[in-house]
Amino acid sequence: MDRIRALIVDRHRVFAESLATALSAEPDVRAVAAGSPRGAAQLLARAKAAGEPFQVLLADADLLPEPAGPVETVATTAAAPSGPTAAIAVARAAAAVGAVGADQNDAEPGTAGLAEVARVHHPGLRLVVLASADDAETAARMLAGGALGWVAKDSSLARLLHVVRGALRDETHLPPALLTEVLRELTRDRRSRTEYQRLAESLTPRELEVLRCMLAGLGRKAVAERLYLSPHTVRTHMQNVLGKLGVHSTLAAVAVARRAGVPPVEG
């Protein structure tokens, strides 16, 4: 039986590792943990290079784009029983008290940035968001960005497994209590799509070509070779694209382009 390859990224490493242990106890799941978006991106790249890419990414909703302050590391020495149930209990306790260290990297992206990296470089990866609390606005934003699920961190192991297995079938999972408000937020988001389209329409044909290359995950050198331009000219076009879209990074420009319905270049 092929096991579902799942990657869990959470600021609280103990939570991520304990959840990975619990999920991996199932015969059809193999889960690995990361304590930061950067660590997750490295694991994604290694797995892809090894020919066994991850299929499901469970990412902490609290990993926001803004840099986080330092978190004090507290060592725990109490013995605990083994097994999936115990692992889930340890994970929940760690997340609840915040008594574990977080990978410190103020410059790295949060869940939204990691989702965009996964979407561009790992298109077959399904994203499920792990949430500490219900937040319809954030859930809607994540779903609009391509996430397939929003699940509470204190969910039962059975519920988490149901969501992971469902994600592999491209099923969308939301808590019933959030459904109405999330649908309302998504409707509002669709209305704002015209603004993103207006921004994309402000680009020149060449800038739009460059943006489509960015959507495909091409770097400056690759774009230059594809469009028969110098790297310096491509850099200028990229800067113009960012300026016209009102963003400050390639990932943000890609997010705007996707919301505007701009397709990536083919091949």
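Computed from label points 7 Å out along Cα-Cβ, the spacing between Ala222 and Leu183 is 4.0 nm. Carbon-plus-sulfur accessible fraction, region 1-46 (probe radius 1.4 Å, protein heavy atoms only): 49%. Judged by the gyration tensor of its Cα atoms, with axes a ≥ b ≥ c, region 182-267 is prolate; a/c meets the 1.5 cut and a/b is the larger of a/b and b/c. On region 154-267, 54 percent of the accessible area sits on carbon and sulfur atoms, based on a 1.4 Å probe.
Each Lys or Arg adds one and each Asp or Glu takes one away; over the other residues whose Cβ falls under 15 Å from the Cβ of Ala224, this sums to +3.
The values are calculated or read from the model by the stated rules, or taken from the named source; none is laboratory data. It should be emphasised that the depicted structure is a prediction, and the values quoted were computed from it without experimental measurement. Backbone-built Cβ (ideal geometry, glycine too); neighbour counts: all protein chains shown. The protein model used for the area step is the full one, side chains on, heavy atoms only, and it has no ligands, DNA or RNA in it. Shrake-Rupley method; radii C 1.70, N 1.55, O 1.52, S 1.80 Å.
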